[in-house]
Amino acid sequence: MSLFSTKATPRLDPRDVPVAPMVGPLISMRNLEKVFETPAGRSYVLRRISVDVQPGEFVSIMGPSGAGKSTLLAILGMLDSAWSGEFMFAGHPVHAMSHKQRVALNKEHIGFVFQQYHLIDDLTVLENLDIPLSYRNVKKSEREAIVADTLDRFGMVGKKDLYPRQLSGGQQQLVGVARAVIARPKLILADEPTGNLHSSQGREIMELFKKLNNEGTTIIQVTHSETNAQFGNRIIELRDGWITGSEGPVTA
Ligand SMILES: Nc1ncnc2c1ncn2[C@@H]1O[C@H](COP(=O)(O)OP(=O)(O)OP(=O)(O)O)[C@@H](O)[C@H]1O
Ligand SMILES: [Mg+2]
């Protein structure tokens, strides 16, 4: 049984898409560093991160708890701007961009699955799923059809009018994944997207990601699971803020 369809493809208005030549890597980081000032002193969380991700890759970031995986993903998703170094996204110099420009890039190109879900508390499941579409140039009737289709594919029709606090952790995680993929972003960033799911549901999410990836979506996931990592083409290992290993392609 396949729960998921990837046929709903809202069209983007070319006027909304920042013009950039799509040659070379989708992501290119050079000497990126993240430091927290704490009462105990400076705490280095990311150290001289230099990494390229090509369009169409499916990368898994692995490493022990506290290694800096979520921190790196938040920077990749342009949700954090307190770092130093160089970060190019689709030819755009993120390091030189204003907050507003970063938010625009995020909304246009990125779907993010948060480790702690981060659904909007005072919106229903249906309304949460509509948010990414509302950023796009998609007609209301088309949006409604895409949301209805997605609710169906994720088995959430019966929950559509509930608020996040009325859902189980696993159900919130499913809505989080649905929200990240619904507008067919160029890049999906997923932080432990199956951590709270039953293994068969987890496998279905990985199969959905694989399908989207085969259709051209670039995916970067954080995972502790070797099984999930095997769905990707490359593993980046992070330890104490350093990239300590990179292996792949895992599959041809
Ligand atoms: N606001 C903050 N102030 C100080 N240190 C912080 C802050 N936020 C995160 N850190 C530190 O940054 C480090 C990396 O945290 P991060 O959440 O990126 O780890 P992670 O690899 O995602 O771990 P996990 O697998 O447990 O999710 C941790 O040591 C954490 O204590
Ligand atoms: Mg984390």
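What follows is calculated from the coordinates using simple rules that are stated; it is not laboratory data. All figures in this text were calculated on a predicted structure; none of them were measured in a lab.
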Using only the Cα atoms, work out Rg/Rh for the range 41-138, with Rh taken as the Kirkwood radius, to two decimals. 0.98
Please list, in chain and number order, the residues 5+ apart from Val45 or on another chain whose amide H is under 5 Å from its amide H, with Hs placed from the backbone. Lys34, Val35, Phe36
Given the C-alpha centroids of the range 32-104 and the range 177-228, what is the distance between them in whole angstrom? 20 Å
Please list, in order along the range 98-114, the HN-Hα scalar couplings obtained from phi with the Karplus expression 6.51 cos²θ - 1.76 cosθ + 1.60 (θ = phi - 60°), rounded to whole Hz, x for Gly and Pro. 6, 4, 5, 5, 5, 4, 5, 4, 4, 5, 6, 10, 10, x, 10, 9, 7
Round to the nearest 10 and give me the degree value, 0 to 90, for the angle of helix 140-153's Cα axis relative to the longest principal axis of the chain. 80 degrees
Distance cut-off 31 Å, Cα to Cα: go down the list Lys107/Lys160; Lys69/Lys139; Lys34/Lys211; Lys160/Lys211; Lys100/Lys186; Lys100/Lys159 and report the pairs above it. Lys69/Lys139; Lys34/Lys211; Lys100/Lys159
Roughly speaking, what is the stretch gain from Glu37 to Ala145, that is 0.36 nm per residue apart minus the C-alpha to C-alpha distance, in nm to one decimal? 34.2 nm
Cα gyration tensor of the range 102-169 - equivalent ellipsoid semi-axes, whole Å, descending: 20, 17, 10
Give me the one-decimal Kirkwood hydrodynamic radius in Å for the range 112-252, with the sum taken over alpha-carbon pairs. 15.9 Å
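Helix-only mean residue ellipticity at 222 nm, the chain, DSSP H runs n ≥ 4 weighted -39,500 (n - 2.57), per residue, nearest 500. What is it?
Working: 7 runs with 76 residues, N = 252.
Per the formula, -9000 deg cm²/dmol.
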Amide H neighbours of Leu238 at under 5 Å, excluding residues fewer than 5 places away on the same chain, with H built from the backbone geometry, are Met62, Gly63, Thr244
Here the range 196-205 yields Karplus 3J(HN,Hα) values (6.51, -1.76, 1.60; θ = phi - 60°; whole Hz; Gly and Pro given as x) of 10, 9, 4, 4, 6, 5, x, 5, 5, 5
Whole-Hz Karplus ³J(HN,Hα) for the range 55-66, in order, using 6.51 cos²θ - 1.76 cosθ + 1.60 and θ = phi - 60°, x for Gly and Pro? x, x, 7, 10, 9, 10, 9, 10, x, x, 4, x
Given the chain, what whole percent of its Cα pairs are spread farther than 31 Å? 22 percent
Could you work out how far helix 169-181 tilts from the main Cα principal axis of the chain, as a 0 to 90 degree angle to the nearest 10? 80 degrees
Determine which aspartates and glutamates satisfy two conditions relative to Lys140: a Cα distance under 17 Å, and not lying fewer than 8 residues away in the same chain. Asp13, Glu127, Asp130, Asp149
